[in-house]
1. Would you check which residues across segment 118-148 are within 21 Å of SER203 (Cβ to Cβ), more than 31 Å from the chain's Cα centre (by Cα) and in a strand (DSSP E or B) and list them?
2. From VAL381, VAL350, which residue is touching a Leu at 6+ places or on another chain (Cβ under 6 Å) and closer than 30 Å to VAL275 by Cβ?
3. Restricting segment 141-177 to residues that are aliphatic (A, V, I, L, M) and surrounded by 18 or more Cβ atoms within 10 Å (Cβ to Cβ), which is nearest to PHE209 (Cα to Cα)?
4. Take the residues in segment 299-339 that are modelled with pLDDT under 90 and among the basic types (Lys, Arg); name whichever of them is surrounded by the fewest Cβ atoms within 10 Å (Cβ to Cβ).
5. Select from segment 85-107 the residues that are in a strand (DSSP E or B) and over 29 Å from the mean Cα position of the chain (by Cα) and list them in ascending order.
6. Just the residues that are in a strand (DSSP E or B), under 26 Å from LEU137 (Cβ atoms), basic (Lys, Arg) and open to solvent by 80 Å² or more (accessible area, probe 1.4 Å), please, taken from segment 41-84.
7. Could you please find all residues in segment 364-409 being β-branched (Val, Ile, Thr), touching a helix residue (DSSP H, G or I) at 6+ places or on another chain (Cβ under 8 Å) and not in a loop (DSSP other than H, G, I, E, B)?
8. Of the residues that make up segment 206-215, is at least one over 20 Å from PHE149 (Cβ atoms) and either open to solvent by 40 Å² or more (accessible area, probe 1.4 Å) or among the hydrophobic types (A, V, I, L, M, F, W, C) (or both)?
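The values are calculated or read from the model by the stated rules, or taken from the named source; none is laboratory data. Predicted model, so just to flag it, every value in this text is computed and none were measured. All Cβ positions, even for glycine, are placed from backbone atoms using ideal geometry, and neighbour counts span all protein chains on display. With ligands, DNA and RNA removed, areas are computed over all heavy atoms of the protein, side chains included. Shrake-Rupley method; radii C 1.70, N 1.55, O 1.52, S 1.80 Å.
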Amino acid sequence: MIMVIFAVEKIMIMNKHLLTFLFGVILCVQLSAQNNFEKGYVINNDGSKVEGLIKNMDWNRSPSQIEFKQDNSASSKLLSVDVIKEFEVEGKAKYVRSEVDIDMSSDDINSLDDDEKPSFTKKTAFLKVIVEGEYTLYGYSNENVKRFFYQQEGKTEPLVFKRYMISGSNVAKNNTYMRQLQALSNCENIKASQISGLEYRESDLKDIFIKFNTCKNGDYKSFEKKTSNSFFHVSVRPGVNFSSLDLTNGKGADIFGSDFGSQTNFRIGVELEYVMPFNNNKWAIILEPTYQYFKKTEKDVPTTTILGETVANRASIKYSSIEVPIGVRYYAFLNEKSKFFFNASFIFDVPVGESEAVFERYQFAAEKIKIGSSTNFGFGVGYKYNDRFSVELNMHTKRNLFGSDSSVRTADYKNFSVILGYTLF
């Protein structure tokens, strides 16, 4: 009995301090993780090349500045587009500064104008090098537009594409970029139909520029994002739940204030994870249908009548459910094989089977209350090795099994889990 009480107290302490633990781990990871800074170089305005480490943000938009340091022991500094002409994260990404005409016309279908001509704005920006050679392809993007440029014989020009409105609600396209590519092509192996079938997107334009460069056996360099082979993963996640349940019934003037204490039970879940293809695969969306339960428990609650007689009352609970947490996950990489992760989830709980609470007052008919669906939040921290094996500590906020519409009854369910995981693919 003493051991049980001790175990319950330990679990309660763990629940109270898990958030503090999470913040501590996050701080340690921030201090120790070094994967963001990668080998590269910058070229200053005077043409000097400085090798060092660049914080690789896996830029989804064209940056206006980068974080750079000369070695791991040095302090980092921000370098803007005004002070460097070029930078490269070795083999992964390269940007060059250029003053170009950028069409700032909206691509949003609800904001298209009726002018076929591009709305050019002269801007000095970092252009992403997509293909580098005799025929060089650049890209530029911000929160509103995505544009492409080409360079030949040292001159950088925009590849023109614009969607615009005609006849009130019909969308037309200015496909000038196709004529520009036709004019660039001097290769007999590239047919006009290959160019006319191109979409204005990076993958199509990259392929054609590689063909332009290889047609005459020219050298070229292509910058590839090194991403995981798959963005979708399925994991089996068994574990142990340390759960507690406290039942109250306001109608009974506290005679059914029944604390059922803590239980240690098995849980099993199947996690579906989609890793977002940006920011170095650090963010993911997770969904994990999970079966869990609280074993049927009965508790006698003796009370004294107004006549001084001690009578027996009883409360019992039986509860099992399918939890469906949906949330986000953040990965903090330690090295190529090891990483921490942090979860935040919104949980839908759907009871299964005969999940109910029963109140039996002395000489009164039993009162049964069906356990309904409810929601709460979950927070977790874990470690994953080799993209295959994982362990996680997960804490749920309190959940009322009787639902929010029950003003006189509550069933406060608390849960802390230790979860092992194995990623199938």
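1. If the condition is that a residue be within 21 Å of SER203 (Cβ to Cβ), more than 31 Å from the chain's Cα centre (by Cα) and in a strand (DSSP E or B), then GLU132, GLY133, THR136 are the ones that fit.
2. Details: VAL350 fails: touching a Leu at 6+ places or on another chain (Cβ under 6 Å).
The match here is VAL381.
3. Our first condition is that a residue be aliphatic (A, V, I, L, M); within segment 141-177, this holds for 145, 159-160, 165-166, 171-172.
Now restrict to residues that are surrounded by 18 or more Cβ atoms within 10 Å (Cβ to Cβ): 159-160.
On the way: LEU159: 12, VAL160: 16 Å.
My answer is LEU159.
4. LYS337
5. LYS85, GLU86, VAL96, ARG97, SER98, GLU99, VAL100, ASP101, ILE102, ASP103, listed by residue number.
6. Correct list: LYS49 only.
7. Passing the criteria: only VAL381.
8. So in segment 206-215, the residues over 20 Å from PHE149 (Cβ atoms) come out as 214-215.
Okay, now just the ones that are also either open to solvent by 40 Å² or more (accessible area, probe 1.4 Å) or among the hydrophobic types (A, V, I, L, M, F, W, C) (or both), so 214-215.
The answer is yes, given that some residue of segment 206-215 is over 20 Å from PHE149 (Cβ atoms) and either open to solvent by 40 Å² or more (accessible area, probe 1.4 Å) or among the hydrophobic types (A, V, I, L, M, F, W, C) (or both).
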